[in-house]
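Engineer: Pasting a structure below so you can have a look.
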Amino acid sequence: MASSANSKAYWSVNLRYLTVLLLVWFTVSFGFGILLVDQLNSIRLGGFKLGFWFAQQGSIYVFVILIFVYVRLMNRLDKKFNVDEE
């Protein structure tokens, strides 16, 4: 990256990505797994109550998916700002 403005723009987008992805993870893990567990337990997924599933496994699956989403977003961002490794 050549300029300071370009660097600030890069990190601004990076922080926006992080904020959105962490909000999704927080919503799924804390919101669905703790706050809304009673409402979600009225729905069953594979024989298990949905609130229980989110608390035990769903938040982990979502976290792993978010890692792959972040990698993909960052690869695109790196190419956009010409800082990719390829």
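Engineer: Suppose accessible area is computed on protein heavy atoms with a 1.4 Å probe; arrange Tyr61, Tyr10 from highest to lowest.
Structural biologist: Tyr61, Tyr10
Engineer: Could you put Val71, Val83 in order of accessible surface area, largest first, with the 1.4 Å probe and the full protein assembly present? Numbers along the way, then the final one.
Structural biologist: Working: Val71 75, Val83 45 Å².
These residues rank, largest area first, as Val71, Val83.
Engineer: Ignoring ligands, DNA and RNA, what percent of the 1.4 Å accessible area of segment 1-75 is carbon and sulfur?
Structural biologist: On the way: 3760 of 5300 Å².
Roughly 71 percent, rounded to a whole number.
Engineer: Okay, next question. Express in Å², to the nearest 10, the accessible area of Trp53 obtained by rolling a 1.4 Å probe over the protein heavy atoms while all chains stay in place.
Structural biologist: 60 Å²
Engineer: Which value, in Å³ per residue, describes the convex hull spanned by the Cα atoms of the chain? Don't jump to the answer; show the numbers that get you there.
Structural biologist: Working: hull volume 7.7 nm³, N = 86.
Dividing the Cα hull volume of the chain by its residue count gives 89 Å³.
Engineer: Sticking with this structure for a sec: Rounded to the nearest 0.05, what FRET efficiency do Leu36 and Phe63 have when you use their Cβ-Cβ distance and R0 = 22 Å?
Structural biologist: According to the calculation, E is roughly 0.80.
Engineer: Using helices alone, I'd like the mean residue ellipticity at 222 nm for the chain: each DSSP H run of four-plus residues gives -39500 (n - 2.57), total over residue count, nearest 500.
Structural biologist: -19500 deg cm²/dmol
Engineer: Between Lys8 and Arg72, what's the calculated FRET efficiency when r is the beta-carbon distance and R0 is 35 Å? Round to 0.05. Before the final figure, lay out the partial values.
Structural biologist: Values: r = 23 Å, r/R0 = 0.65.
In this case the efficiency is close to 0.95.
Engineer: Just by accessible area at a 1.4 angstrom probe, what is the order of Lys79, Lys8 from largest to smallest?
Structural biologist: Descending order: Lys8, Lys79.
Engineer: Not counting ligands, DNA or RNA, and with a 1.4 Å probe, what is Ile43's accessible surface area in Å² rounded to the nearest 10?
Structural biologist: Ignoring ligands and nucleic acids, Ile43 comes out at about 80 Å².
Engineer: How much accessible surface does Arg76 have with a 1.4 Å probe, in Å² rounded to 10?
Structural biologist: 140 Å²
The values are calculated or read from the model by the stated rules, or taken from the named source; none is laboratory data. Keep in mind it's a predicted model, so treat the numbers as computed, not measured. For neighbour counting, all protein chains shown are included, and Cβ atoms are generated from backbone atoms with ideal geometry for every residue, glycine included. Ligands, DNA and RNA are excluded from the accessible area calculation, which covers all protein heavy atoms including side chains. Shrake-Rupley method; radii C 1.70, N 1.55, O 1.52, S 1.80 Å.
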